[in-house]
Amino acid sequence: MIILFVNNNKLSESYHFDKWNDIKKMISLKNKLRNYCKKREIWWCKLGKNVGIEQGGKGINFSRPVLIIKVFNKDMFWGLPISSHNRSKKKDLMKYYYELVDMKLVGFVCLSQPRVFDSRRLERKITKINYKKFFVIKKLLKRLI
């Protein structure tokens, strides 16, 4: 008799990747139903199940708030994911996060993880931040680059 031990964490990880792949297939079929975003807006965005320390989505849709930094065209934009965890309390991580407090959202902008997104990943708009906060975030982002 052969007994096979399965690491539950690996099985769970594989299951989440499979679920994300199903959602990603549906996103790619969403040709004409695009959401149009503008810079300074924060949207729920389907980030997916990512690898290692990459910022991924949460919940059944693998979604997370994302701050729109630059819109290149109707199909793609550059954004920064927003986390609910305060990692800025650690001195060595402070420069990688910006605490964002808004009427509709409290979170931490992940300055170290900018990426290009397809606009089909957008779900719904949450809010729009003011120019002053946006200017500070862009300045901090430029400092990292």
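Just so you know, all these numbers are worked out from the coordinates, no wet-lab data involved. The structure displayed is predicted, hence computed values, not measured ones. Neighbour counts run over all protein chains shown; Cβ positions are idealised from the backbone, glycine included.
For Asp75, project a label point 7 Å along Cα to C-beta. Then give me every residue of segment 117-144 with its amide nitrogen under 14 Å of that point. Counting backbone N atoms under 14 Å from the label point, the list is 117-121. Between His85 and Tyr131, the FRET efficiency from the beta-carbon distance, with R0 = 22 Å, is close to 0.25. As a proxy for reagent exposure, Cys37, Cys45 were ordered by neighbouring Cβ count within 10 angstrom, fewest first; the result is Cys37, Cys45.
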